[in-house]
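**Q** One structure is given below, represented as structure tokens, and several questions about it will come after.
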Amino acid sequence: MRDRKESTPSRMAAVWVRCGPAALVLCAALVPLAAPSISSYIFYLMFWITMASAFNIIFGLTGYLPFGYVAFYGVGAYVTAVMWSRLGVPIPLSILSGGVLGVALSLLFAPTLRIRGIYFAIVNFSCAMALRILVANLPEAWTGGSLGISLSAIYNPNASFYTMMALMVLTIWTVGRVSGSRLGIALRCIREDPEAAQVLGVDVVRSRLKAWILAALFPSLAGGVEAWYTAIIDPDSSFNLLITTKTIVYAMFGGLGTVMGPVIGAVSLYALDDLIWGKFPMLNLLILGLLIVLLVLFLPRGIVGTVTRRHASLRAVIR
Amino acid sequence: MAELLVQAVISGVLLGILYGLIGMGMNIIYGVMRVVNFAHGEFMMLAAYLSFWASHAHGINPIQSLLLTVPLFFGVGFVLYYLLVPRLLQAEDPEMASFLTFVGISLVLTTLILLVWGADPRSVPFPFKRVSVSWGGFFFPLGRLISAGFCAAVILLLILFLYRTYLGRAIRAIIQNREAVAILGIDPHRLSALSMGIGLLLVGLAGSLVVLSFPAITPVMGASYTLVAFVVIVLGGLGNPLGALVGGLVFGLAENLGAVFFPAALAPVIAFLILIIMIFWRPQGILGRP
């Protein structure tokens with residue numbers, strides 16, 4: 001065990017960790033007013049932070065890899081669009097109902113939590129693919145077929161920007177609360193050894209169901225907010241597998257199982273992604289692919305995991 | 001109706017043999033090193049595109065192009081093993097680490113195919129004069145018949161190799177117990193690299209042959225073949241090389257009989273349903289023992 005007492009540098013770090021994010025969120029809040037040219041960039045940065053942080057609850061803490069994670073995002077986007085355009089529900093309520101249906105979907109998928117490891121990943125992936133086909137084949141009067149639905153009449157980049165910001169803050173706060181709580185400890189036990197956790201009195205089924213519902217809620221809401229922001233949805237982009245892949249990469253790069261990891265991962269990699277995407281759209285995928293391979297082989301704990309492993313004193317401030 | 005069903009059975013069996021071959025490649029790799037090759041379909045597409053290139057640029061038909069893809073893919077598998085797998089096996093959760101690694105590789109392969117051949121669908125010219133042969137009033141599509149014949153021959157050779165040769169028995173032994181094989185004085189790394197080579201060789205073979213059944217290819221088709229491989233090996237039992245043949249036949253029949261009763265757009269849903277039902281009801285596969 002290294003020195004775990006708070007030394008001077010770590011106390012300074014503590015101040016940074018407490019005030020830094022708040023200052024950053026404040027800066028971001030000014031973006032639509034002060035620098036509208038980068039507001040789309042900041043919107044998607046917040047979107048990916050939300051996705052990666054929520055994904056962390058199920059993969060980072062619990063060890064389940066939902067490879068069809070995009071399904072929740074897609075359902076959120078579609079329910080929001082259908083509620084608003086076909087039923088005339090106001091957009092905030094539409095987004096909330098997207099969240100509700102996302103949670104309902106997670107309950108529908110809940111029996112798959114009985115299977116572990118690679119089987120769970122594949123089954124979840126299949127569920128997402130099946131859902132995409134079903135949505136694309138629903139009557140056009142409802143989901144607009146392969147053309148999707150336009151929401152241009154309620155296009156409001158500023159309002160959706162601040163909604164995404166609120167959602168991001170809520171997600172990170174939730175992950176922070178869960179991670180330090182009894183539930184967080186129970187989830188980590190389940191990740192290491194579900195049988196042992198059961199013997200120790202952890203309610204395995206209940207705990208992982210809670211994690212699963214939370215991990216489903218945020219991407220469903222994010223899907224709705226993003227649909228509002230772009231004002232158009234279609235089956236190909238709403239159920240694009242790349243959304244799962246990017247979420248995994250951002251969360252892993254920052255550090256799975258840590259609160260700040262997915263945030264740091266999304267901030268650093270989305271910048272790279274945006275840069276390459278603008279200049280060489282083809283190379284973007286190639287680099288994403290190489291990045292996954294290199295991450296798994298050389299940095300499986302991510303930035304935060306690696307740093308806190310080397311400097312145990314930092315563990316008190318970065319979680 | 002009865003004729004339609006018989007036709008579906010013919011088509012199901014012919015495709016099922018091909019599906020069996022697709023599953024076998026993945027099964028050997030998973031069985032020997034617990035590596036889940038998520039890039040299976042993309043490797044197949046790479047072979048299919050190589051066959052397309054051979055036929056387009058040099059007038060070589062897909063069967064002749066096997067002489068190119070088979071040794072090439074064996075070499076790729078052999079090298080890929082030493083590059084990746086020893087490190088992956090040291091990870092905290094080797095199965096998950098390998099899954100994610102091959103997700104990355106699948107993206108790299110898709111992009112490479114896109115960069116070289118573009119996003120438009122390509123089609124491999126049909127190499128035979130007749131499209132189908134008829135026998136007893138039923139039609140046998142010639143491309144599928146020939147590809148099924150090739151696949152059946154390869155599967156037979158593979159079974160002979162696995163059950164009758166020293167090396168093949170060693171591979172079956174390492175599937176059952178990795179440590180015991182090392183104790184018996186067989187280098188598990190060499191054997192695994194060889195198995196990876198054989199696994200990818202089968203993928204290359206399937207990729208070159210698949211254009212005889214489905215001539216149109218696009219760079220993004222890989223994922224659906226990966227899914228076929230998953231369904232086949234889940235049906236036949238993960239890590240059981242023979243089970244893949246049974247799984248392939250069952251899936252081929254289910255898919256083609258399903259197409260008789262359901263709209264074509266929903267055909268992939270049948271695959272997902274089979275996958276999900278099997279994993280819950282009989283995760284060890286049709287042939288597997290619990």
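**Q** Can you list, bin by bin at 10 Å, the percent of alpha carbon pairs in the range A:228-319, starting at 0?
**A** Per 10 Å bin, starting at zero, the Cα-Cα P(r) for the range A:228-319 comes out as 16, 40, 30, 12, 2 percent.
**Q** Using Cα atoms only, what is the angle between the long axis of helix B:243-261 and the major principal axis of chain B, expressed in degrees (0 to 90) to the nearest 10?
**A** On a 0 to 90 degree scale, this one is about 30.
**Q** Quickly work out the residue B:87-to-residue B:266 label distance, labels modelled 7 Å from Cα along the C-beta direction, and quote it in nm with one decimal.
**A** So the label points at residue B:266 and residue B:87 sit 4.6 nm apart.
**Q** Determine ³J(HN,Hα), in whole Hz, for all residues of the range B:124-139 in sequence, where each value follows from phi through the Karplus function 6.51 cos²θ - 1.76 cosθ + 1.60 and θ = phi - 60°; x replaces Gly and Pro.
**A** 8, x, 5, x, 10, 6, 9, 7, 8, 10, 10, 8, x, x, 10, 9
**Q** Okay, next question. Using 1/(1 + (r/R0)^6) with R0 = 45 angstrom and r between the beta carbons of residue B:64 and residue A:12, what's the FRET efficiency to the nearest 0.05?
**A** 0.05
**Q** Of all the C-alpha pairs in the range B:2-281, what % are more than 27 Å from each other?
**A** That fraction is 38 percent.
**Q** Hey, what D do you get for the range A:38-240 in µm²/s if you plug the Kirkwood alpha-carbon radius into Stokes-Einstein at 4 °C and 1.567 mPa s?
**A** 75
**Q** If you don't mind, there's one more thing I want to ask. By how many nm would the segment from residue A:100 to residue A:140 grow when fully extended, if each residue of separation counts as 0.36 nm and the alpha-carbon distance is taken off?
**A** Working it through step by step, the gained length comes to 12.1 nm.
**Q** Relative contact order for chain B: what is it in percent, counting Cα pairs under 8 Å that are at least 6 residues apart?
**A** 39
**Q** Right, here's the next one. So what's the gap between the Cα centers of the range A:105-179 and the range B:235-290, to the nearest angstrom?
**A** Answer, in whole Å: 27.
**Q** Let me ask another. So who's got an amide H within less than 5 Å of the one on residue B:132, skipping anything under 5 residues away but keeping other chains? H placed 1.01 Å off N, in plane.
**A** B:142
**Q** When the Kirkwood hydrodynamic radius is evaluated over all pairs of different C-alpha atoms of the range A:124-192, what value in angstrom, to one decimal, is obtained?
**A** 16.1
**Q** Mind checking the mean number of beta-carbon atoms from other chains within 10 Å of the Cβ atoms in B:223-232?
**A** Average per residue, whole number: 2.
**Q** Taking amide H positions as placed in the peptide plane 1.01 Å from N, state which residues far from residue A:260 in sequence (5 or more) or on other chains have amide H under 5 Å from it.
**A** For residue A:260, the qualifying residues are A:319.
**Q** Also, I was wondering about something else. Explain nothing, just compute: Karplus ³J(HN,Hα) = 6.51 cos²θ - 1.76 cosθ + 1.60, θ = phi - 60°, for every residue of the range B:267-275 in order, whole Hz, x for Gly and Pro.
**A** 3, x, 4, 4, 4, 5, 4, 4, 4
**Q** For chain B, what does -39500 (n - 2.57) per DSSP helix run (n ≥ 4), summed and divided by total residues, give at 222 nm, in deg cm²/dmol to the nearest 500?
**A** Here the helix-only value at 222 nm equals -25000 deg cm²/dmol.
**Q** R0 = 41 Å: FRET efficiency of residue A:19 with residue A:272, Cβ-based, nearest 0.05?
**A** 0.95
**Q** If you line up the Cα atoms of the range A:8-108 on their principal axes, what length do they span on each, largest first, in Å?
**A** 56, 40, 19
**Q** Calculate one ³J(HN,Hα) per residue across the range A:67-83 by plugging θ = phi - 60° into the Karplus curve 6.51 cos²θ - 1.76 cosθ + 1.60, and present them in order as whole Hz with x for glycine and proline.
**A** 6, x, 4, 4, 4, 5, 4, x, 5, x, 4, 5, 4, 4, 5, 5, 4
**Q** Can you pull a Stokes-Einstein diffusion coefficient for the range B:45-186 at 4 °C (1.567 mPa s), Rh from Kirkwood over Cα pairs, as a whole number of µm²/s?
**A** Reported coefficient: 69 µm²/s.
**Q** Just the Kirkwood number for the range B:34-126, please: inverse of mean 1/r across all distinct Cα pairs, in Å, one decimal.
**A** Computed over Cα pairs of the range B:34-126, the Kirkwood hydrodynamic radius comes out at 14.5 Å.
**Q** For a label point 7 Å from the Cα of residue A:166 along Cα→C-beta, name the residues of the range A:90-109 whose backbone N is under 13 Å from it.
**A** Counting backbone N atoms under 13 Å from the label point, the list is A:91-96.
**Q** Compute the normalised compactness of the protein assembly as shown: alpha-carbon radius of gyration over 2.2 N^0.38 Å, N being the residue count.
**A** The value comes to 1.00.
**Q** Which whole-angstrom value gives the distance between the alpha carbon centres of the range B:7-83 and the range B:91-136?
**A** About 8 Å separates the Cα centre of the range B:7-83 from the one of the range B:91-136.
**Q** Here's another thing I want to ask about it. How far, in degrees from 0 to 90, does helix B:2-33 lean away from the longest principal axis of the Cα atoms of chain B, to the nearest 10?
**A** 20
Bear in mind that the values in this text are calculations on the coordinates, not laboratory data. What you are looking at is a predicted structure, and each value in this text was computed from that prediction instead of being measured. We place every Cβ from the backbone using ideal geometry, glycine too, and count neighbours over all the protein chains shown.
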